[in-house]
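J.: Okay, handing you the structure first.
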Amino acid sequence: MARSVSVIGIGTTAFGVLEGKGLKALAIDACNDALKDANVDRSAIDALYVGNFLSGVLAGQEAIAPQIGYQLGLRKETPCTKVEGACCSGGIALRHGYILVSSGLAELVLVVGVEKMTHASTEKNTEGLAMAMDHETELKTGVSFAGLFALVAKRHMYEFKTTPEHLALVSHKNHENSINNPRARFRNKVSLEKIRDSKMVADPLRLYDCCPISDGAAAVVLCATENARTFTETPVDIVGVAQSTGYNSLYRTPNPLTFDATVIAAKKAFHMAGLQPDDVDVVELHDCFSMAEIVDSEDLGFFPKGRGGFAVADGLTRLDGKIPINPSGGLLSKGHPVGATGVGQVYEVVRQLRGTHENQVRNAEVALTHNIGGTGQVATVNIFRRH
Amino acid sequence: MVTATPIPVIRCRACGRLGIPPQYMCDACGGCEIDPAEIPGHGRVYSHTTIRVAPDAFAGQIPYTVVLVDLESNLRITARVTPGSEDLVDVGRELIFDRLDADTGYWFRVVP
């Protein structure tokens, strides 16, 4: 009999350039923060899931989950498992934690997402991130992830009259949002002119259309909803969890302007939650590039296909808009420590549903988080509700 | 029409479905017998970009053009454009197949 699952504790590091802190140190900081928030002792944790992408390539450490579990001093009976799905790793880790608690095989599960990136060069990071492409075909061409989303952008502009200005407005909104977020990498005001005039990375995507390489970790503690009140006054219920599988490359995606993996995961998560896009009050979605925010907002059902850019221009996704998207600053401005991102989004929306976010969406009751790995190879959509 | 080298692809022996190599089984019918095949060497630009910040191994080549090319038989491929004619690349522009390189994949040229 599946049990309902709730988030009873959240923890995080800042996202950004965290000099002097390695991968394991970041993960342990976030885990201890979450355990403290949940009033749970480490000895009570029945399982640890770690969402991480490039620990081996960038930080020189594999077997990262037992490494973290050991240093945290978890019980020797406690399984510690890394899950990986490129940029989706954090969202997948949350879902696995959910499944274990829901099944009754565990009472308390710790989920952490972590990535350490900024000590490596931009080229090394670009090379590492590109490993999420099909290395037998698409990767060989020298296309970067920015390049793949640039291909999406150019065609989206051709078919739907989306403009470079729409892209700049996504980035500008997210930079405005992160000014108030103490966890964000970028907290300074950035003018629209600076975004428009920034260096071209892959036409039509400029530097400010691309999320920054970042370090960071975020963690949550999960337990059965029926027990959540014994730990905290402010549990947040997980009402929908879904993961899907798309295509292994952009060229094999039947319509590259729609990531079917997102569409399918959203449909499953909404069905499980008994909710629809109109019911969502706040969204943290996968804006690895400004173009991705536009496509994601369409694929998740918030706007018709082709209207995502216009919705941003109309202010519909601002904090005071119809559907606030990425009040945290998103990947573009809060930062994208890849494996940490999905769990970091959960951190942000739990604060929203507790009513304690720095960019609080008024009366937020339902929140949605979304990750996409690669160009739609894997997607997760998770839906949360105030208890 | 400019004469173009045929594009090497693969075909499922069971259902005849064409695909871009390598594929280890047919995602459509589940068949595991995959044969080499060819399609005409013409395509059209579905979308394009110029890479200006590149992965390590390609840093010496910037700027370079990457295209998504619509091919015959309902196939599409991510490919490179042979230097010299990149400025002419645009959505809908006709391309002809240049070569398949073991290290860098498919290359196309713009039809002048």
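J.: Select from the stretch B:95-112 the residues that are touching a residue at least 60 places away in the same chain (Cβ under 8 Å) and more than 10 Å from every other protein chain (Cβ to nearest Cβ) and write down the one among them that is farthest from B:Ala37 (Cα to Cα).
T.: Let us first name the residues in the stretch B:95-112 that are touching a residue at least 60 places away in the same chain (Cβ under 8 Å), namely B:96-100, B:106, B:108, B:111.
Narrowing the set further to residues that are more than 10 Å from every other protein chain (Cβ to nearest Cβ) leaves B:96-100, B:108, B:111.
Values: B:Ile96: 18, B:Phe97: 15, B:Asp98: 17, B:Arg99: 15, B:Leu100: 14, B:Phe108: 18, B:Val111: 24 Å.
Ranking the candidates gives B:Val111 first.
Each row is one residue, and each column tells you yes or no for (1) crowded, with 20+ Cβ neighbours inside 10 Å; (2) closer than 30 Å to A:Lys199 by Cβ; (3) free of Cβ contacts under 8 Å to residues at least 24 places away in the same chain.
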{"residue": "B:Ile20", "(1), (2), (3)": "yes, no, no"}
{"residue": "B:Glu38", "(1), (2), (3)": "no, no, no"}
{"residue": "B:Leu68", "(1), (2), (3)": "yes, yes, yes"}
{"residue": "B:Arg93", "(1), (2), (3)": "no, yes, no"}
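J.: Here is a list: A:Leu72, A:Leu100, A:Leu110. Which entry is surrounded by 24 or more Cβ atoms within 10 Å (Cβ to Cβ) and touching a residue at least 12 places away in the same chain (Cβ under 8 Å)?
T.: Sole residue among the options that is surrounded by 24 or more Cβ atoms within 10 Å (Cβ to Cβ) and touching a residue at least 12 places away in the same chain (Cβ under 8 Å): A:Leu110.
J.: Say whether the condition of being of a type in the set (Ser, Thr, Tyr) and closer than 19 Å to A:Ile10 by Cα is met by at least one residue in the stretch A:108-121. Spell out the reasoning first.
T.: Looking only at the stretch A:108-121, we keep the residues that are of a type in the set (Ser, Thr, Tyr), and these are A:118, A:121.
Filter once more, keeping what is closer than 19 Å to A:Ile10 by Cα: none.
No, the stretch A:108-121 contains no residue that is of a type in the set (Ser, Thr, Tyr) and closer than 19 Å to A:Ile10 by Cα.
J.: Also, I was wondering about something else. Residues of the stretch A:184-223 being farther than 30 Å from A:Gly97 by Cβ, touching a Leu at 6+ places or on another chain (Cβ under 8 Å) and more than 14 Å from every other protein chain (Cβ to nearest Cβ), which ones?
T.: Matches in the stretch A:184-223: A:Leu192 only.
J.: Give A:Asp197, A:Asp203, A:Asp260 a once-over and let me know the one that is within 23 Å of the chain's Cα centre (by Cα) and of a type in the set (D, E, K, R).
T.: Numbers: A:Asp197 fails: within 23 Å of the chain's Cα centre (by Cα); A:Asp203 fails: within 23 Å of the chain's Cα centre (by Cα).
Unique residue meeting the criteria: A:Asp260.
J.: Suppose the filter is away from chain B (no Cβ under 14 Å), closer than 27 Å to A:Leu26 by Cα, hydroxyl-bearing (Ser, Thr, Tyr) and touching a residue at least 24 places away in the same chain (Cβ under 8 Å); does A:Ser244 pass it?
T.: Values: away from chain B (no Cβ under 14 Å): yes; closer than 27 Å to A:Leu26 by Cα: no; hydroxyl-bearing (Ser, Thr, Tyr): yes; touching a residue at least 24 places away in the same chain (Cβ under 8 Å): yes.
Answer is no for this residue.
J.: Could you check the stretch A:76-131 and list, in sequence order, the residues that are in a loop (DSSP other than H, G, I, E, B), of a type in the set (D, E, K, R) and out of contact with any helix residue (DSSP H, G or I) (no Cβ under 6 Å at 6 or more places or on another chain)?
T.: Here is the first cut: in the stretch A:76-131, the residues in a loop (DSSP other than H, G, I, E, B) are A:76-79, A:84, A:86, A:88, A:104-107, A:116-121, A:131.
Now restrict to residues that are of a type in the set (D, E, K, R): A:76-77, A:84, A:107, A:116.
The answer is A:Lys76, A:Glu77, A:Glu84, A:Glu107.
J.: Taking the stretch A:356-387 on its own, how many of its residues are in contact with a strand residue (DSSP E or B) (Cβ under 8 Å, 6 or more places away or on another chain) and either surrounded by fewer than 24 Cβ atoms within 10 Å (Cβ to Cβ) or modelled with pLDDT of 95 or more (or both)?
T.: First pass over the stretch A:356-387, keeping only residues in contact with a strand residue (DSSP E or B) (Cβ under 8 Å, 6 or more places away or on another chain): A:361, A:364-374, A:377-387.
Remaining after also requiring either surrounded by fewer than 24 Cβ atoms within 10 Å (Cβ to Cβ) or modelled with pLDDT of 95 or more (or both): A:361, A:364-373, A:377-387.
Going through the stretch A:356-387 one residue at a time, the tally reaches 22.
J.: Enumerate the strands (runs of 3 or more DSSP E) found wholly within the stretch B:1-69, keeping only those where 3 or more residues are of a type in the set (Val, Ile, Thr) and under 23 Å from B:Gly92 (Cα atoms). Walk me through how you get there before you give the answer.
T.: Numbers: elements: B:7-12, B:34-39, B:42-51.
Once the strands (runs of 3 or more DSSP E) in the stretch B:1-69 are filtered for at least 3 residues that are of a type in the set (Val, Ile, Thr) and under 23 Å from B:Gly92 (Cα atoms), what remains is B:42-51.
J.: Would you please name the residue that is nearest to A:Gly128 (Cα to Cα), looking only at residues in the stretch A:75-97 that are of a type in the set (Lys, Arg) and touching a residue at least 24 places away in the same chain (Cβ under 8 Å)?
T.: Here is the first cut: in the stretch A:75-97, the residues of a type in the set (Lys, Arg) are A:75-76, A:82, A:95.
Right, trim to touching a residue at least 24 places away in the same chain (Cβ under 8 Å) and you get A:75, A:82, A:95.
On the way: A:Arg75: 33, A:Lys82: 18, A:Arg95: 25 Å.
Among those residues, the one meeting the criterion is A:Lys82.
J.: Right, something else. Filtering the stretch A:181-220 down to residues that are assigned to a helix (DSSP H, G or I) and among the acidic types (Asp, Glu), which residue is nearest to A:Val17 (Cα to Cα)?
T.: To start, the set of residues in the stretch A:181-220 that are assigned to a helix (DSSP H, G or I) comprises A:192-196, A:207-209.
Those still in the list that are among the acidic types (Asp, Glu) too: A:193, A:209.
Values: A:Glu193: 25, A:Asp209: 19 Å.
Checked the stretch A:181-220; the qualifying residue nearest to A:Val17 (Cα to Cα) is A:Asp209.
J.: Let me ask something else. Within the stretch A:34-76, count every residue that is among the hydroxyl-bearing types (Ser, Thr, Tyr) and within 23 Å of A:Ser6 (Cα to Cα). First the steps, then the outcome.
T.: Keep residues of the stretch A:34-76 that are among the hydroxyl-bearing types (Ser, Thr, Tyr), which gives A:43, A:49, A:55, A:70.
Narrowing the set further to residues that are within 23 Å of A:Ser6 (Cα to Cα) leaves A:43, A:49.
Within the stretch A:34-76, residues that are among the hydroxyl-bearing types (Ser, Thr, Tyr) and within 23 Å of A:Ser6 (Cα to Cα) number 2.
J.: Tell me, yes or no, whether the stretch A:162-180 has at least one residue that is within 19 Å of A:Met200 (Cβ to Cβ), small (Gly, Ala, Ser), in a helix (DSSP H, G or I) and at the interface with another protein chain (Cβ under 9 Å from one of its Cβ atoms).
T.: No, the conditions are met nowhere in the stretch A:162-180.
J.: Here's a follow-up. If I go through the stretch A:1-52 residue by residue, how many of them are among the β-branched types (Val, Ile, Thr) and over 21 Å from A:Leu108 (Cα atoms)?
T.: Looking only at the stretch A:1-52, we keep the residues that are among the β-branched types (Val, Ile, Thr), and these are A:5, A:7-8, A:10, A:12-13, A:17, A:28, A:40, A:45, A:50.
Keeping just the survivors that are over 21 Å from A:Leu108 (Cα atoms) gives A:13, A:17.
Going through the stretch A:1-52 one residue at a time, the tally reaches 2.
J.: Tally time: how many residues in the stretch B:70-94 are in a loop (DSSP other than H, G, I, E, B) and either among the aliphatic types (A, V, I, L, M) or more than 10 Å from every other protein chain (Cβ to nearest Cβ) (or both)? Lay out the reasoning, then the answer.
T.: Within the stretch B:70-94, the subset in a loop (DSSP other than H, G, I, E, B) is B:75, B:82-85, B:89-93.
Still in the list and also either among the aliphatic types (A, V, I, L, M) or more than 10 Å from every other protein chain (Cβ to nearest Cβ) (or both): B:75, B:82-85, B:89, B:91, B:93.
Number satisfying all stated conditions: 8.
J.: How about the stretch A:271-290: which of its residues are touching a strand residue (DSSP E or B) at 6+ places or on another chain (Cβ under 7 Å) and farther than 21 Å from A:Arg354 by Cα? It would help to see each step written out before you state the result.
T.: Kept after step one, since they are touching a strand residue (DSSP E or B) at 6+ places or on another chain (Cβ under 7 Å), are these residues of the stretch A:271-290: A:272-273, A:275, A:279-286, A:288-289.
Hits for the stretch A:271-290 are A:Met272, A:His286, A:Cys288, A:Phe289.
J.: Any chance the stretch A:266-274 includes a residue that's among the aromatic types (Phe, Trp, Tyr) and farther than 22 Å from B:Ile77 by Cα? Quick ask: steps written out before the conclusion?
T.: In the first step, residues of the stretch A:266-274 are kept if they are among the aromatic types (Phe, Trp, Tyr); the result is A:270.
Still in the running and farther than 22 Å from B:Ile77 by Cα: A:270.
Within the stretch A:266-274 (the criterion being among the aromatic types (Phe, Trp, Tyr) and farther than 22 Å from B:Ile77 by Cα), the answer is yes, since at least one residue qualifies.
J.: Of the conditions (1) under 13 Å from A:Val143 (Cα atoms); (2) buried (at least 19 other Cβ atoms within 10 Å of the Cβ), B:Val45 clears all except one; give me its number.
T.: (1)
The values are calculated or read from the model by the stated rules, or taken from the named source; none is laboratory data. None of the values given here were measured: they were computed from a predicted structure. All Cβ positions, glycine included, derive from the backbone under ideal geometry; neighbour counts span all protein chains shown.
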